[in-house]
Amino acid sequence: MYFSIIIPVYNRPDEINELLESLLQSTYKGEYEIVIVEDGSTITGEEVVAKYSNNLNISYYFKANSGPGDSRNYGMKKAKGDYFIIFDSDCIIPNQYLKEVEIELQSNYVDCFGGPDKALKSFSNIQKAINFAMTSFLTTGGIRGGSEKINKFQPRSFNMGISKKAFLDSNGFGNIHPGEDPDLSIRLWKLGYETRLFTSAFVYHKRRIDWDKFSIQVSKFGKARPILNNWYPEYSKITYWFPSLFVLGFLVSFVLLFALFDWALKLYFLYFVLIFIVSSIQNRNPIIGILSIVAVWKQFFGYGFGFLKSFFKINILKQKPQVAFPELFFKINPTTENKIKVITEKKEIKTPDLNPVFIPVKEIAKPTEPKIIGLTGGIGSGKTTVAKYFQSKGIPVYISDEEAKKVMEFPEIISQIVVVFGSTILGENNTLDRSKLASIVFNQPDKLKHLNAIVHPAVKNNFEQWVGNHKNFPYLVKEAAILFESGSYKDCDAIITVCAPLETRISRVLDRDKTTREKVLQRINNQLSDEERIAKSQYVITNENFEQTKIQMDTILNLLKDV
């Protein structure tokens, strides 16, 4: 297995220096590469990378600022490995880390893992206090880790691994930040992939932040969670409410004082005494124990108030997340990028006196790319009818299901499917028997995952070729039933969701498929709800009366001219 270590960085050359120095001490004997992505930094790490390029296999890229999630995706696209390991730049890596990961993957393979974090003795007292607040069983760190099973863990992107096939299948991270890591985990689960906690694969997470930055950070964590709960309600948990309940309970305890009830406030006092004792013992320093009280206080109140504010805006006011909290979303633009290549592989070094050379590639003006408009909707919503109307207006439309069927007839794809499922899935003339294949994957998630790992990357390549063949159009439409589930919505400049009343949808499917009402309802319940799709879309079409639908579509066509 060939590892590619992906490290996004923004204005932190000193952190990159410490991280690379720690990797230099690695005891791992296998080959691996390091991919550093400079995310539009004004203070770059070029000289730092050059210092290590003779001893580490490093590739270095510079791109426009688009956030850590998009930078990780960029790095994974450039990487050569079949398994990606992602670090934040403020991490220091133990020398046995890669070996521990290899052991875990060999003993019980998983396509995505997360590891814990610890504090080094050299960390400042504030850093150790913040680390305690973020990891202790007494705080939200413990609530987070303890409420998630080890084999159903939501990896955090400061210490995370993902296979190349899982990345390609999911399209990687979204543009929400923070929250991009649980968002990716849930989408992977929906695609049939598993995640797991590797308890032995820990890093030292330095977290170079002061109290004010820490408060802002945990507030953003709190704001992101209701958005994720709204996107994926089936994965919401009561534990996510604990910090908010803690804050509300503290306020209530003061009100109770006017009624001469002080027992509630005493419980809070005892809790913080416990924080002091445990942290002092764990860190062997009472000063860190006192600072841990401050860290936990800021953690609970920052996260708690952020969560309540977000819940009110998203669930009560029904605001779109991007409108309610624009600071949580990076705008990803397909801008031209500079690439600075340092040393891609150690074998390229031919002589001892060869020094790494930095060659900035000048930006080249590119022709305007067509805008991609995503079109989605649940079964029976009539999205195919909408797609055909767009086609009648001269707009190219990519029908994902139809194209996927064509792709699955490619000889090279059939060959890959036969390797996994055997020749019994072949019919006459060695063509694919879809009914046999469907019967195998219908109730076997692992088999479905294998099939998706073959088909989805091929369909993605097919779509990219299709876009290239229609690049003279101002915008193109991509129709897909699982636009959000697959993660391909991130490649769209705008999204249209088609919806219709439930009974209308049921009636349409009954007429079309000659099936039963129960089976139709089962299929509807297995899909995202209209509310989930609408929350992530820029435009919504209610497709009940076609004449009214055409008016809506014409209105959207006029609006798309400004996308």
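The values are calculated or read from the model by the stated rules, or taken from the named source; none is laboratory data. Keep in mind that what you see is a predicted model, and the values were worked out from it rather than measured. Every residue, glycine as well, gets a Cβ built from its backbone with ideal geometry; the counts of neighbours run over all protein chains shown. Side chains are part of the model used for accessible areas, which takes the heavy atoms of the whole protein and leaves out ligands, DNA and RNA. Shrake-Rupley method; radii C 1.70, N 1.55, O 1.52, S 1.80 Å.
For region 189-231, a residue qualifies if it is aromatic (Phe, Trp, Tyr) and more than 18 Å from the chain's Cα centre (by Cα), and the qualifying residues are Phe198, Phe202, Tyr204, Trp211, Phe214. Selection over region 532-563 of residues that are open to solvent by 50 Å² or more (accessible area, probe 1.4 Å), in contact (Cβ under 8 Å) with a residue 40 or more places away in the chain and part of a helix (DSSP H, G or I) gives a count of 2.
Annotation: of all residues in region 244-265 being open to solvent by 70 Å² or more (accessible area, probe 1.4 Å) and within 16 Å of Val296 (Cα to Cα), the one that is farthest from the chain's Cα centre (by Cα) is Leu248. Surrounded by 13 or more Cβ atoms within 10 Å (Cβ to Cβ) and either of a type in the set (S, T, N, Q) or part of a helix (DSSP H, G or I) (or both): does that describe Leu270? Spelling it out, it is not the case that Leu270 is surrounded by 13 or more Cβ atoms within 10 Å (Cβ to Cβ) and either of a type in the set (S, T, N, Q) or part of a helix (DSSP H, G or I) (or both). For region 97-125, the candidate set comprises residues that are at pLDDT 90 or above and hydrophobic (A, V, I, L, M, F, W, C); within that set, the residue that is surrounded by the most Cβ atoms within 10 Å (Cβ to Cβ) is Phe113.
State whether one or more residues within region 441-462 are among the hydrophobic types (A, V, I, L, M, F, W, C), in contact (Cβ under 8 Å) with a residue 12 or more places away in the chain and not in a helix (DSSP H, G or I). Within region 441-462 (the criterion being among the hydrophobic types (A, V, I, L, M, F, W, C), in contact (Cβ under 8 Å) with a residue 12 or more places away in the chain and not in a helix (DSSP H, G or I)), the answer is no, since none of the residues qualifies.
Residues that are of a type in the set (A, V, I, L, M), surrounded by 13 or more Cβ atoms within 10 Å (Cβ to Cβ), at pLDDT 80 or above and part of a loop (DSSP other than H, G, I, E, B) do occur in region 408-426. For region 177-211, a residue qualifies if it is within 25 Å of Phe123 (Cα to Cα) and assigned to a loop (DSSP other than H, G, I, E, B), and the qualifying residues are Pro178, Phe198, Thr199, Ser200, Ala201, Phe202, Lys206, Arg207, Arg208, Ile209, Asp210.
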